[in-house]
Amino acid sequence: MRWKKWTALTVSSVMTATLLAGCGGAGDNGGTSGASQEQEGETAQSQNLNATGMPIVKEPIELTFFTGLAATNGSNKFEERLVWSEYAKMSNIKVNFQTVPFENLTEKRNLALANGDYPDALYSARVPAADLMKYGSQGVFIRLNDLIDQYAPNLKKLMEKYPDLRKALTMPDGNIYSFPSFYSPEFLPMLIGTPLWVKKDWLDKLGMEVPQTTEEFYQYLKAVKTTDLNGNGQLDEIPYSGTGINPLMEQLMGAWGVGTRGLGHKHVDIDPKTNELRFFRTTENFKELLQYMNRLYTEGLIDKDVFTQTGNALYAKGGKDLLAATINPNPKTQFNGEGYIGLGALKGPHGDQLYTHIKVPMVWPGAFVITDKNKNPEATVRWIDHFYGDEGATFYFMGKEGVSYNKTADGKLEYVDEIRNNPSGLTMDQALTKYVSWMGGSYPGYVQEKYFKGSETLPESIEAGKKAEPHAIKELWYNFNFTDEETEFMSSIGSDIHTYIKEMEAKFITGATPFSEWDKYVQTVQGMGVDQYLKVYKAAYDRYNQSK
């Protein structure tokens, strides 16, 4: 276990600030000619810019983006997909997407930023708030406040409609450095994202009702284990499988009354009895949740591969009709899974029934950032802002009318049959890679049900949202932004606490550590600095409330 001293300013950050101050800008050559050339360049760029409408620039320009890529998003180049080839013609801006798989994204992004080898912008790059503050204050990510005011009418309108969005985007220094991935707060199936699915036809074969409680869910999984429900003559059915153990825990937290402010806050919530902040991962309620998970795991009701398996491995099992219960956006789009229905809020052993598995509407604050290497920031802001309005968002998610989608008689949008029922047996996500690039999430943009036709808008997902709604948490916290000093604590001692908790929770679930060690575990976590952790959280929480 690593122990680090929490300090307001580290030596490295002081050195970094000093070096940045001493190095000057890219055009600083010690004389006036560099500044003059920079002014001439800015004048030329502003003259090439159209303030409104298309094209965005009069003469074509090229930009290069560091780009996150999901496994479900295909391997064909973004530039070849309909949405980007068409947008290049519309805008007069050709973007070269340097794609990096999500599993390597954090490492590659951090390395690029550390050594200065980054391009004009970072797209779908999952930049965390701490890095927005860090690299924004250093000038690596450019300040967007004025640019948004002048050139981003769509995002500006959203921030006016949803004040929490502006608050969550604004760093403690008062600046905005990014464009977010933002889901409409009214679009609950999207905020749920990945429901807990069960096979309705298998429930019918077993003569069981749809589970309403955690005990009924357990009984369903237990029955699956001893029944040949897929009819292949083998007991190869897997009661529950997923990618990692946390998704199932997060689906079940509300059945034990914890996680009461949503998925954006995985360790701290509000205790409904005291109305005070609490570190809920060491409460007795959470212990009981882990004991329930241990019961499932030790009885073979949770796939032994769950801790390490990839999405592709999970979908391969789903494609063989092996999964009785799973968590993903929608089995139909992920592995052509039929007969699945989503569960709502399960009632726990003490009567708790709260649906807490709800994302922050601003899912990724740093979905898109512009770097100091970008010579056309105004044009780039106009380029990205297009996707926060109805016209651009419809284009981004649906493609081109008459090519990738059509309008129905009642005005709704619908993908063409080649996508919905692909003749080659491709999943919807696979068929979409010819046209669009939003699959896998993390993209910058604004998601509404009327034009987003991903997994979350299929009838099964909409129905899952309706089931969750009556018990959905009423107060959903957006992200809190921490000061540099608080970030230093959270990235050192806070990170150590998170890592230790994750390791120990896995051991409790698998039985590697018995629950007779629980009190000792809680004492260890407390000794690592939970009291200070809560003080930091309280300071951020107070700022969050005061800015309303």
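What to note about this one:
- Top-ranked residue of the range 422-435 - restricted to ones that are surrounded by 12 or more Cβ atoms within 10 Å (Cβ to Cβ) and within 14 Å of N336 (Cβ to Cβ), ranked as farthest from the chain's Cα centre (by Cα): N422
- Qualifying residues in the range 229-252 (those that are open to solvent by 10 Å² or more (accessible area, probe 1.4 Å) and among the hydrophobic types (A, V, I, L, M, F, W, C)) - the one farthest from L346 (Cα to Cα): L235
- Residue satisfying condition, being within 27 Å of A130 (Cα to Cα), out of contact with any Leu (no Cβ under 8 Å at 6 or more places or on another chain) and either open to solvent by 10 Å² or more (accessible area, probe 1.4 Å) or not polar (S, T, N, Q) (or both), within set I462, I473, I384: I384
- As for the range 85-102, it holds no residue that is more than 29 Å from G264 (Cα to Cα), part of a helix (DSSP H, G or I), touching a residue at least 12 places away in the same chain (Cβ under 8 Å) and in contact with a strand residue (DSSP E or B) (Cβ under 7 Å, 6 or more places away or on another chain).
- Residue match in the range 104-124 (condition: at pLDDT 95 or above, part of a strand (DSSP E or B) and either open to solvent by 30 Å² or more (accessible area, probe 1.4 Å) or within 22 Å of K434 (Cβ to Cβ) (or both)): yes
- Look at (1) open to solvent by less than 10 Å² (accessible area, probe 1.4 Å); (2) charged (D, E, K, R); (3) in a loop (DSSP other than H, G, I, E, B) and you find that E505 fails only one, number (3).
- In the range 400-421, residue least open to solvent (accessible area, probe 1.4 Å) [restricted to those that are touching an Asp or Glu at 6+ places or on another chain (Cβ under 8 Å) and in contact (Cβ under 8 Å) with a residue 24 or more places away in the chain]: Y405
- Y541 passes every criterion in (1) aromatic (F, W, Y); (2) outside any helix (DSSP H, G or I); (3) open to solvent by 30 Å² or more (accessible area, probe 1.4 Å) apart from (2).
- Residue count, the range 177-187 (criterion: surrounded by 21 or more Cβ atoms within 10 Å (Cβ to Cβ) and either more than 18 Å from H386 (Cβ to Cβ) or of a type outside the set (A, V, I, L, M, F, W, C) (or both)): 5
- Residue count for the range 307-328 satisfying the condition of being over 21 Å from P101 (Cβ atoms) and under 20 Å from the mean Cα position of the chain (by Cα): 2.
- Condition check for P189: in a loop (DSSP other than H, G, I, E, B) and in contact (Cβ under 8 Å) with a residue 12 or more places away in the chain: no
- Residues that are open to solvent by less than 40 Å² (accessible area, probe 1.4 Å) and β-branched (V, I, T) within the range 492-502 comprise I493, I497, I501, listed in sequence order.
- Residues of the range 254-280 satisfying the condition of being touching a strand residue (DSSP E or B) at 6+ places or on another chain (Cβ under 9 Å), in a helix (DSSP H, G or I) and either closer than 18 Å to T213 by Cβ or of a type in the set (K, R) (or both): G254, A255
Listed here are the residues, each with its yes/no results for (1) farther than 30 Å from V369 by Cα; (2) aromatic (F, W, Y); (3) not in a loop (DSSP other than H, G, I, E, B).
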position: S181; (1), (2), (3): no, no, yes
position: V210; (1), (2), (3): yes, no, no
position: E215; (1), (2), (3): yes, no, yes
position: D228; (1), (2), (3): yes, no, no
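- Criterion violated by G339 - all others in (1) open to solvent by 10 Å² or more (accessible area, probe 1.4 Å); (2) over 26 Å from K466 (Cβ atoms) satisfied: (2)
The values are calculated or read from the model by the stated rules, or taken from the named source; none is laboratory data. None of the values given here were measured: they were computed from a predicted structure. No Cβ is skipped: glycine too gets one built from the backbone with ideal geometry, and neighbour counts run over all protein chains shown. Quick note on the areas: whole protein, heavy atoms, side chains included, nothing else; ligands and nucleic acids left out. Shrake-Rupley method; radii C 1.70, N 1.55, O 1.52, S 1.80 Å.
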